[in-house]
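Enquirer: Here's a structure for you.
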Amino acid sequence: MITLGKTMLPHVTVVILAVLLPASDGRAGDAEFVAACLEEGERGGDANKLLDKELGINRAASCNCTAKEARSTLTGDSYRVMMLEMQGKGHEATEISSKMNETEQISFFNAMEAIYKKCVGGPR
């Protein structure tokens with residue numbers, strides 16, 4: 001029985017990994033997304049803070065909302081593009097988005113507009 005268990009263990013491990021790996025889409029977690037969003041707001045300095053205040057935007061609340069909406073509506077590539085843009089890595093974001101076909105790019109921009117309206121530009 002112990003011999004059978006030792007020979008089965010590698011197979012069980014492979015089966016578990018085969019089930020778990022597709023479940024991970026390689027996206028950053030919400031905490032990393034929110035941190036990037038908050039950092040993006042800080043990069044604009046006082047001008048961003050004044051604009052947020054004038055528009056009545058709660059940056060933390062909008063970043064949390066955006067993280068949730070982005071995770072549920074964007075494709076993996078679109079999500080990565082958004083993260084890279086917020087991290088100030090526009091060149092890397094452009095490399096990914098330039099490989100998207102026209103339909104994917106339109107879908108990305110439509111999703112971004114919906115996320116913005118829901119989390120930033122909508123009613124407060």
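Enquirer: What are the pairs with Cβ atoms under 7 angstrom where one residue, in region 42-69, is under 23 Å from F108 (Cβ atoms) and the other, located anywhere, is part of a loop (DSSP other than H, G, I, E, B)? Sequence gap at least six, or different chains.
Expert: Here the result reads R43/G88; I57/V120; S62/V120, each pair linking region 42-69 to a residue that is part of a loop (DSSP other than H, G, I, E, B).
Enquirer: Same structure again: Give S78, S97, S62, S72 a once-over and let me know the one that is more than 20 Å from G121 (Cβ to Cβ) and either small (G, A, S) or modelled with pLDDT under 95 (or both).
Expert: On the way: S78 fails: more than 20 Å from G121 (Cβ to Cβ); S62 fails: more than 20 Å from G121 (Cβ to Cβ); S72 fails: more than 20 Å from G121 (Cβ to Cβ).
So the residue among S78, S97, S62, S72 that is more than 20 Å from G121 (Cβ to Cβ) and either small (G, A, S) or modelled with pLDDT under 95 (or both) is S97.
Enquirer: A further question follows. Could you go through region 67-74 and let me know if any residue there is surrounded by fewer than 16 Cβ atoms within 10 Å (Cβ to Cβ), over 14 Å from F33 (Cβ atoms) and not charged (D, E, K, R).
Expert: No, region 67-74 contains no residue that is surrounded by fewer than 16 Cβ atoms within 10 Å (Cβ to Cβ), over 14 Å from F33 (Cβ atoms) and not charged (D, E, K, R).
Enquirer: When residues of region 75-109 are filtered for being buried (at least 18 other Cβ atoms within 10 Å of the Cβ) and of a type in the set (F, W, Y), how many remain? Please lay out each step first, then the result.
Expert: Step one: of region 75-109, the residues buried (at least 18 other Cβ atoms within 10 Å of the Cβ) are 78-84, 86-87, 93, 97, 108.
If we keep only those that are of a type in the set (F, W, Y) too, we end up with 79, 108.
Number of matching residues: 2.
Enquirer: Still on this structure, please answer the following. Please identify the pairs in which a residue from region 93-115 that is without any contact (Cβ under 8 Å) to a residue 24 or more places away in the chain has its Cβ atom under 6 Å from the Cβ atom of a residue that is surrounded by 13 or more Cβ atoms within 10 Å (Cβ to Cβ) and not basic (K, R), counting only partners at least 6 apart or on another chain.
Expert: Correct list of pairs: A93/V81; A93/L84; A93/E85; I96/D77; I96/V81; S97/V81.
Enquirer: Here's a follow-up. Quick one: I57 ticks every box in (1) at pLDDT 85 or above; (2) under 30 Å from M100 (Cβ atoms); (3) part of a helix (DSSP H, G or I); (4) not hydroxyl-bearing (S, T, Y) except a single one, so which number is it?
Expert: Every listed condition holds for I57 apart from (3).
The values are calculated or read from the model by the stated rules, or taken from the named source; none is laboratory data. What you see is a predicted model; the values in this text were computed from it and never measured. Cβ atoms come from the backbone with ideal geometry, glycine included; neighbour counts cover every protein chain shown.
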